[in-house]
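Rule-based calculations on the coordinates, nothing more; no lab input. Predicted model, so just to flag it, every value in this text is computed and none were measured. Neighbour counts are summed over all protein chains in view; Cβ atoms, including those assigned to glycine, are modelled from backbone coordinates with ideal geometry.
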Amino acid sequence: MNKPHFGKVTSYLNLIRPKHWIKNLLIFVPVLYAHNITKPEMLLSTVRCFFAFCFVSSAVYIFNDILDAQKDRCHPIKNKRPIASGQITIKNALPLAVFLLVLGIFLAIVGNNNYIALAAAIYVTINIAYSLLLKHFAIIDCFCIAAGYILRVFAGGLANNVLLSEWLFFTMMAISLFMAFGKRRGEIKQVFDVTATRKVLASYSLSFLDGMVFVFAGLSIVFYALWAMAGVSKMMYTVPLAVFIISRYLLVLHRNDFNGDPTAVIFGDIPLLSALGIFSLLSVLLLYL
């Protein structure tokens with residue numbers, strides 16, 4: 001009797017994609033590295049910004065699923081998404097997307113910090129432009145994906161008037177592009193007819209994407225090491241762990257059973273997930289003890 005109801009709840013959760021909220025943890029990066037995470041007012045502002053982006057990003061996911069429903073039905077993995085599979089109708093999904101968007105923007109402005117709302121608005125604008133047009137242009141599409149990650153970091157800084165250092169900005173840029181090109185690599189490996197699902201994939205070759213992934217993987221390590229040496233000296237002890245995380249991510253990315261989505265890659269590999277947890281804990285200990 002309760003199974004259909006439970007299945008509907010699961011479908012809506014899959015539509016909102018709470019697992020992807022892990023990406024919004026990037027919002028905590030500026031306040032963490034600025035030694036302000038223990039200040040209650042800054043922590044509260046960051047948490048509010050985190051949930052604002054969680055709701056806004058979920059709204060964007062729904063909008064994207066609505067626009068891509070037809071092509072997602074031709075994709076070996078995306079055809080299981082709630083809208084593409086028919087579990088949830090567009091008529092029911094659209095009001096939910098609008099509600100989440102309004103809720104996210106409300107959280108962004110409730111603390112009288114218009115910069116958070118501006119960052120959220122830019123995030124939505126880029127993603128809508130991406131869904132409607134920019135995703136069809138090679139390279140630009142990956143920069144749009146990367147921009148979503150970088151905006152999260154900037155939003156966390158804007159929430160507390162914390163500026164990113166030059167090397168930290170370069171690090172986040174390189175990591176974002178590393179994951180973006182990795183996502184395209186995973187997609188092109190799993191799709192037989194690229195024009196039926198995402199036409200831009202036809203503009204890429206596997207060798208090109210491999211090259212870009214390795215370039216930005218290397219830059220991520222170099223930029224992070226330079227940041228660690230330029231800032232708190234103790235953070236240099238996290239560099240070997242950062243090298244392991246990038247290397248493990250690359251290894252998982254080159255498996256044929258992963259589509260390159262960062263969330264799937266991280267949650268799909270216990271050693272990688274464990275290393276990220278240890279890295280986070282070690283960073284906090286070195287910064288605050």
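Would you please state the base-10 log of I(q)/I(0) at q = 0.08, 0.09, 0.11 1/Å for segment 17-164, with intensities from the Debye formula using one equal scatterer on every alpha carbon?
Treating every Cα as an identical point scatterer, log10 I(q)/I(0) equals -0.24, -0.30, -0.44.
Kindly rank 9-15, 173-179 from highest to lowest mean number of other beta carbons found within 10 Å of each residue.
Ranked by mean Cβ neighbours within 10 Å, highest first: 173-179, 9-15.
Over the chain, what is the relative contact order in percent, taking alpha-carbon pairs closer than 8 angstrom and at least six residues apart?
Values: 368 pairs, mean separation 53.6, N = 289.
Dividing the mean separation by the residue count of the chain yields 19 percent.
Given charges of +1 on the Cβ of Lys and Arg and -1 on the Cβ of Asp and Glu, with all other atoms neutral, how large is the dipole of segment 165-289 about its Cα centre, in debye to the nearest 20?
Values: 9 positive and 7 negative charges, 13 e Å.
With Lys and Arg at +1 and Asp and Glu at -1, about 60 debye.
Rank the residues W167, W227 as a footprinting-exposure proxy: fewest other Cβ atoms within 10 Å of their Cβ go first.
Working: W167 18, W227 23.
So the residues, fewest neighbours to most, are W167, W227.
With the cut-off at 1.5 for a/c, could you classify segment 165-289 from its C-alpha gyration tensor as rounded, prolate or oblate? Write down the numbers at each step before the final one.
Numbers: a/c = 3.05, a/b = 1.90, b/c = 1.61.
Prolate is the answer for segment 165-289, as a/c is 1.5 or above and a/b outweighs b/c.
In the chain, if the dipole is taken from +1 on Lys/Arg beta carbons and -1 on Asp/Glu beta carbons about the Cα centre, which of S11, S207, I246 is farthest to the positive end?
So the residue furthest toward the plus end is S11.
Rank-order 86-97, 144-155, 19-30 by packing density, defined as the average count of other C-beta atoms within 10 Å over each peptide's residues, highest first.
Ranking the peptides 86-97, 144-155, 19-30 by packing returns 144-155, 19-30, 86-97.
For A202 paired with T89, estimate the spin-label separation in nm (one decimal), with each label point 7 Å from Cα along the Cα-to-Cβ line.
The two pseudo-label positions are separated by 3.4 nm.
Using a Förster distance of 30 Å, how high is the FRET efficiency between L286 and V47, based on the Cβ-Cβ distance and rounded to 0.05?
Between L286 and V47 the formula returns 0.85.
What number, rounded to the nearest 500 deg cm²/dmol, is the helix-based mean residue ellipticity at 222 nm of the chain, given -39500 (n - 2.57) per DSSP H run of at least four residues and division by all its residues?
Result for the chain, helices only: -23500 deg cm²/dmol.
Choose one of P76, G104, I150: the residue whose Cα lies farthest towards the positive end of the charge dipole of segment 58-193 (beta-carbon charges +1 Lys, Arg; -1 Asp, Glu; about the Cα centre).
Of P76, G104, I150, it is P76.
What is the distance, in nm, between label points placed 7 Å from the Cα along the Cα-to-Cβ direction at L241 and at L133?
Simple spin-label model gives 4.4 nm for this pair.
Could you name the lysines in cross-link range of K78, using Cα to Cα under 29 Å and dropping any fewer than eight places away on the same chain?
K3, K8, K19, K23, K91, K135, K183, K189, K199
Work out how much length I140 to F267 would gain on full extension: take 0.36 nm times their residue separation and subtract the Cα-Cα distance, in nm to one decimal.
Working: separation 127, 0.36 × 127 = 45.72 nm, distance 2.71 nm.
Additional length available on full extension: 43.0 nm.
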